[in-house]
Amino acid sequence: MKRVKNLMAIIASLVLSIPFVASAQDGGTYIDSLNVQDSSYMQPLTTTTEQSSSNSTTMIIIAAIVVVAVIAFVVLRKKKK
Amino acid sequence: MNKLKDIFTGRNTFAASLGLAAIILLFLAPRAAVNVDEQLHYPHAQKVVNWYFTGGADKTCLETPVTNLKYYGQSVDNFTALINRVFQIDNEFLTRHFTGAFFFWLLLLFAGLTGKQLTGSYYVSALIVVFMLATPRLFGQAFGNLKDIPFATGYLAAIFFMIKFVQELPQPRWTTAVWLGLAIAFTNSVRIGGLVLFGYLAIAMVLIILLKPFLLKQIFSTKSNFVRLSGQMLTVVLTGYFAGLVFWPFALQNVFVNPFESLRVMEHYKVSIRQVFEGEWLWSTQLPWYYLPKWLLIATPGFLLTGFAVFSGLFFFQLKTNRKQLFTELFLFFTLLFPVVYVMLIGANLYSGYRQMLFVVPVLVILAALGFYNLFTLLKNRFLFAGVSVALFIMVLIPVKHQVLTFPVDYVYFNQLSGGNKKAWANYEYDYYFHGVKEAAEDLIAQTGGNNIIVASNCNLSNYFEKLPNASFRYVRFLERSSEDWDYGIFGVNYIHPRLLKSGKWKSSQIVKTYYHHGNPIVVLMKRTDKSDFEGINLADSGNYPEATELLEKALKADENNVWLISYLAKISLKQNDFESFNRYLQQGRAVYPEYEPFFLLEAQQLFTNGKLNEAKTVLDKVLTINPYYNVAASMLNEVKKKLNDNK
């Protein structure tokens, strides 16, 4: 019974210490690696480039409409004359 | 005189221009430089070939989490890997460069044929060939760029057959339909962006019916015409889509889903690369909306911009007249403008100038040649005609002279409008393909003889040293070069902050030779006679600070602009709580390179350690404005914010 209690105590202390282990490195370990990357091959972007495909589809339609509208304007203007 | 006229017919002139182009390409292909993308795509192509040879058992070509290479069809790269494997060719890059030259020649052919389609004159075709050869950003990538040049070839071939197909309505020929399908398939096989060509075909059909409404009646009132056309359209769609996937393992895993997944990835490419633009240093995902038009304006030769302006002006001015080629001209306009407008609208992740958009340049060339052709037909005055001809000749000579003087780094061209190459250096991305490394590598090989050497570089061009048994190669970033063991360094003047470039403080005392391009340094060859820097860093990393400091101080005396050494010395001081030395090193480093990220990180760490959280936050905010991808600073900032919240 005592052994079980000791085991439980060890497990509990391990679990309770997780937040401290996972928390920040006050001891200055942020400066262990000072390297500066030239490209983000190792760091997938999560903000600026992530867009939904439906957004792309909308843009395709808008771009096509803009360019076709210019062409249609030219054609119609020519026809009128 | 008459005999001469008979010889120099339009057709013969076009053929002669293509013949001359072939000779130039064959002569230059063995002398071309290997670019950094080749070192990325060729090994992948070898894996793709192995996938086929092992019947799909070797799946390494499908596992590319970092490089995204599985999303590229890259059929031409794969083709060269296949040729090299089957024929056991030793000089693999030579095969690639001849292949590139062949596809560039095909691009010339289709551009010329499209010019003939427009004007009915082979002289225009010959003019287009000359214009294409004199466009450095295009010709300069003919040999090593097996993505963008073949894609441009497929794109233009598809446009050529599309125009032919539409002009043959209501009864297009079957051969035209099949060639159109194959051209679209080839384009898709290089890059899935070729799917846009299906949309182009639909728009071409709508446009021709708008211009010639009677065609609609001819198609729908005759059953045979309708059935024939439906069959041909189906052939184009099926061939164009499925034939393009045959040499692409990733697409073959799911032919209806994966090509579209690839398209999505390509449109919003997830890899960001640091770029010099307008004198600033930005990540490619931060570049402004006008990045592409600005690059087109500064890096396209003046004669092309002039020709295009003349074409556009005359086109709108002459709209009242009955134009026979209205459809073709409008359609070409569309194929030039649509991709440009589209990538601007979606905020596509572009970098390396307009390399990814090279495929619109041949269309621009055709329209520019057409502009000059239209102008020449208008000029009745003989002297005016001669004057314009001479002016055009001189304008073409400017980029040609640049090409002759700078090959194989000729693709780095900025026009007179932007102030030329001299003004562009340190303001715009320069030799992004590292073509300049070739000469430095050849010099080094000639110097070293049989000595065992370690060569370091800030690019992946190990190919130059693969045949040397006594040389080993390693990659290291230029500013962090002291962290690696090497004897000689070949560094492209790339990935360096433009302000550091302009101050000249990027230079190291270890440089033994600088390679220039129009007076601008593009590559440096370095020799390391003393390894105190490398040894000092190793000692610092293992915690032996006193000895490390001694060695690093010694190295810094010899190479006083080495900010990496200064940041290491500052770090050691900080770890030893020697704040006086720390501040001195920080000041010394910032006098060389004020924007260097490690200095901010070290300063923030000092403030953080001393409990000055608000000041630490300000410093971290600043460094993340300079470089949003300096992840270690982002992690520290999160911690600082957490602590600030806890203290509230």
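We did not get these values from a lab; they are worked out from the coordinates using the rules stated. From a predicted model like this one, the values you see are computed outputs, not experimental measurements. Methodologically, a virtual Cβ is constructed for each residue, glycine included, from the backbone with ideal geometry; neighbour enumeration extends over all protein chains shown.
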Express the relative contact order of the range B:437-527 as a whole percentage, based on alpha carbon pairs under 8 Å and six or more residues apart in sequence.
29 percent
Shielding score for B:263-274, defined as the mean number of other chain Cβ atoms within 10 Å:
5
Please list the non-local residues whose amide H lies under 5 Å from the amide H of B:Y428, H modeled 1.01 Å from N, same-chain partners needing a gap of 5 or more.
B:G279
Could you tell me which residue out of B:A426, B:Y630, B:F334 lies farthest along the dipole of chain B toward its positive end? Charges go on the beta carbon: Lys and Arg +1, Asp and Glu -1, centred on the Cα centre.
B:F334
The range B:541-647: Rg/Rh from Cα coordinates, Kirkwood Rh?
1.00
Length added when fully stretched, B:I511-B:R382, from 0.36 nm per residue minus Cα-Cα:
40.7 nm
Please give every one of the lysines within straight-line cross-link reach of B:K164, meaning a C-alpha to C-alpha distance under 27 Å, and leave out same-chain neighbours fewer than 8 residues apart.
A:K78, A:K79, B:K116, B:K147, B:K212, B:K217, B:K223, B:K320, B:K324
Quick one: pull the percentage of alpha-carbon pairs in chain B with a separation above 48 Å.
24 percent
What are the ³J(HN,Hα) couplings of the range B:513-528, residue after residue, when phi is run through the Karplus curve with 6.51, -1.76, 1.60 and θ = phi - 60°? Round to Hz, x for glycine and proline.
8, 10, 9, 10, 9, 6, x, 9, x, 10, 9, 10, 9, 10, 10, 9
Residue by residue through the range B:239-246, which ³J(HN,Hα) values in whole Hz follow from phi under the Karplus form 6.51 cos²θ - 1.76 cosθ + 1.60 (θ = phi - 60°), with glycine and proline marked x?
5, x, 7, 6, 5, x, 9, 4
Helix-only mean residue ellipticity at 222 nm, chain B, DSSP H runs n ≥ 4 weighted -39,500 (n - 2.57), per residue, nearest 500. What is it?
-20000 deg cm²/dmol
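Among B:504-514, B:557-567, B:220-230, B:177-187, how do they line up by average Cβ neighbours within 10 Å per residue, starting with the highest?
B:177-187, B:557-567, B:504-514, B:220-230
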Taking each residue of B:626-639 in turn, how many C-beta atoms of other protein chains fall within 10 Å of its C-beta, and what is the average?
3
What number in nm² do you get for the protein assembly as shown if you take the convex hull of its Cα atoms and divide its surface by four?
43.5 nm²
Label B:R590 and B:L238 with points 7 Å out from Cα along Cα→Cβ: what is the distance between them in nm?
7.0 nm
From Cα coordinates alone, what are the radius of gyration and Dmax values for the range B:315-376 in angstrom?
14.2, 42
When DSSP beta bridges are limited to those with both residues in the protein assembly as shown, what percentage is antiparallel, rounded to the nearest 5?
65 percent
Relative contact order (percent) for chain B, with alpha-carbon contacts under 8 angstrom and 6 or more residues of separation?
12 percent
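For peptide B:338-348, compute the average count of partner chain beta-carbon atoms within 10 Å of each residue's beta-carbon.
Averaged over the peptide's residues, the number is 5.
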Where Lys and Arg each count +1 and Asp and Glu each count -1, what net charge lies around B:K147 among other residues with Cβ under 13 Å from its Cβ?
-1
When all C-alpha to C-alpha distances in the range B:279-394 are sorted into bins of 5 Å, what percent of pairs does each bin hold, rounded to whole numbers?
2, 10, 18, 20, 15, 14, 9, 6, 4, 2, 0
Out of all Cα-Cα pairs in the range B:428-482, roughly what percent, to the nearest whole number, are more than 17 Å apart?
39 percent
Given 5 Å bins starting at zero, what is the percent of C-alpha pairs of the range B:437-527 in each, up to the one with the largest pair distance?
3, 13, 27, 27, 17, 8, 4, 1
Can you give me the Kirkwood hydrodynamic radius for the range B:260-339, using every pair of distinct Cα atoms, in Å to one decimal?
16.0 Å
Shape parameters for the range B:25-138, alpha-carbon atoms, Rg then Dmax in Å:
17.6, 53
Long pairs among B:K294/B:K401; B:K505/B:K575; B:K531/B:K612, criterion Cα-Cα beyond 31 Å:
B:K531/B:K612
